[in-house]
């Protein structure tokens, strides 16, 4: 859902995919675990009332109602309409976000890091839950899921190209069938929500400064995957 680089269900996912967030106030609005949990459950399960969301994330309707209103204030959610009686279902205004604080905006950078810390903590906790309980899943899921690590020697330009190519593949799957995340009726039987995390980063300082116009090398050293 989040990265450092939900309108109506009938809308195409391509019309409302990624929201870029640049300012500190909006980023700070995300730095609360209940709000992140609400965004996650709305992403996975669609429009919900505060009561329904509370049952899913283990919070009271009053708590969820307050935080949903705060999320709406900053444009993350909106009222979906169509609820029975006085119920107020809420939905996402986008199905992804990118944190992009402006260069030199230290307040936005701090808020971005704080929000990312919360998202990553929850994501890694789900990964550990999968590891602990993978034996309870059907064998097909155990064989399909992966945990891999690779070591490359790259320049910054090559790393950007690698990320661009991987992102292109991921977005092709993200848009499959017009967007299965946003459109539950397009999800095939037997499908499940699958989380894919992508981290890449230098683990040591470069030996020397590379030329600024250095292009993509014809080949590169890679370590074995695992």
Sites residue 60 and residue 194, calculated FRET efficiency, Cβ-Cβ separation with R0 22 Å, nearest 0.05: 0.15
Going by how many other Cβ atoms sit within 10 Å of their own, how do 91, 131 line up, fewest first? 131, 91
Sort 170-178, 194-202 for me by packing, meaning the mean count of neighbouring Cβ atoms within 10 Å per residue, highest on top. 170-178, 194-202
Label model pair residue 186, residue 162: point-to-point distance (7 angstrom along the Cα→beta-carbon line) in nm is 3.1
The exposure ranking of 62, 51, 93, fewest beta-carbon neighbours within 10 Å first, is 62, 51, 93
Sorted by Cβ neighbour density within 10 Å, fewest at the top, the residues 141, 90: 141, 90
Packing-based ranking, highest mean first, of 146-155, 19-28, 97-106 given that Cβ atoms within 10 Å are counted: 19-28, 97-106, 146-155
Give me the extension gain from residue 177 to residue 128: residue separation times 0.36 nm, minus the current Cα-Cα distance, reported in nm with one decimal. 14.6 nm
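Using the alpha carbon gyration tensor of the range 2-144, what are the three equivalent-ellipsoid semi-axes (square root of 5 times each eigenvalue), largest first, in whole Å?
Over the Cα atoms of the range 2-144, the ellipsoid semi-axes are 24, 23, 16 Å.
Read-outs throughout are calculated quantities, based only on the coordinates presented, and are distinct from any laboratory measurement. Since we're looking at a predicted model, the values are computed, not measured. Neighbour counts are summed over all protein chains in view; Cβ atoms, including those assigned to glycine, are modelled from backbone coordinates with ideal geometry.
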